[in-house]
1. Could you tell me which numbered condition MET1 fails, if it satisfies all but one of (1) at pLDDT below 95; (2) open to solvent by less than 70 Å² (accessible area, probe 1.4 Å)?
2. For the condition of a type in the set (Lys, Arg) and over 11 Å from the mean Cα position of the chain (by Cα), what is the one hit in LYS79, LYS86, LYS4?
3. Are there any pairs with C-beta distances below 7 angstrom linking a residue in the stretch 69-84 that is under 13 Å from ALA26 (Cα atoms) and among the polar types (S, T, N, Q) to a residue that is open to solvent by 10 Å² or more (accessible area, probe 1.4 Å) and at pLDDT 95 or above, with the two at least 6 apart or on different chains, and if so which?
4. What residue, among those in the stretch 8-31 that are in contact (Cβ under 8 Å) with a residue 12 or more places away in the chain and small (Gly, Ala, Ser), is most open to solvent (accessible area, probe 1.4 Å)?
5. Can you pull out the strands (runs of 3 or more DSSP E) entirely within the stretch 44-104 that have at least 2 residues that are open to solvent by 40 Å² or more (accessible area, probe 1.4 Å) and touching a strand residue (DSSP E or B) at 6+ places or on another chain (Cβ under 7 Å)?
6. Note down all Cβ pairs under 6 Å where the first residue falls in the stretch 89-104 and is of a type in the set (Lys, Arg), the second is outside any helix (DSSP H, G or I), and they're at least six residues apart or on different chains.
7. Which pairs turn up if I take residues in the stretch 32-54 that are under 11 Å from PRO19 (Cα atoms) and look for partners that are open to solvent by less than 80 Å² (accessible area, probe 1.4 Å) and of a type in the set (Gly, Ala, Ser) with beta carbon separation below 7 Å, at least 6 apart in sequence or on another chain?
Amino acid sequence: MEVKITSENFESLKNGALPLVVDLWATWCGPCRMVGPVVSELAKDYDGKVVVGKCDVDEEEDIAAELGVRNIPTILFFKDGKIVDKHVGAAPKSVLEEKIKALL
């Protein structure tokens with residue numbers, strides 16, 4: 001299950017026991033709407049192994065600025081509190097799944 005990333009929970013999720021995948025998106029972004037269902041599927045597939053979160057950049061501008069996100073969708077992959085991989089733009093499930101497998 002995906003979690004909503006907010007400024008209140010971001011640090012604890014980022015530094016949590018499980019790797020974190022963050023989908024930075026916005027409601028008006030066409031490619032974001034294409035990637036959204038794929039991210040949701042991956043959240044179900046890897047439930048208990050990885051935390052998958054969605055961060056609306058319009059609602060959480062501070063997080064997007066802190067992470068230096070300039071284009072969306074951007075998917076960031078965190079392990080031990082650090083960004084270890086990143087994907088910008090739409091991507092098929094197989095590409096994102098390989099990046100998640102590399103976290104485990």
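1. If we test MET1 against (1) at pLDDT below 95; (2) open to solvent by less than 70 Å² (accessible area, probe 1.4 Å), just (2) comes out false.
2. Numbers: LYS86 fails: over 11 Å from the mean Cα position of the chain (by Cα); LYS4 fails: over 11 Å from the mean Cα position of the chain (by Cα).
Answer to the check: LYS79.
3. ASN71/VAL88; THR74/LYS86; THR74/VAL88
4. So the residue we want is GLY16.
5. On the way: elements: 51-56, 74-79, 82-88.
It comes to 82-88.
6. Qualifying pairs under 6 Å: LYS99/PHE77; LYS99/ASP85.
7. Short answer, once both residue conditions are applied: VAL51/GLY16; VAL52/ALA43.
The values are calculated or read from the model by the stated rules, or taken from the named source; none is laboratory data. Computed from a prediction, not measured in an experiment: that's the story for all the values here. Note that each Cβ is placed from the backbone with ideal geometry, even for glycine, and that neighbours are counted across all protein chains shown. For the accessible areas, the whole protein counts, side chains as well, though only heavy atoms, and no ligand, DNA or RNA atoms are used. Shrake-Rupley method; radii C 1.70, N 1.55, O 1.52, S 1.80 Å.
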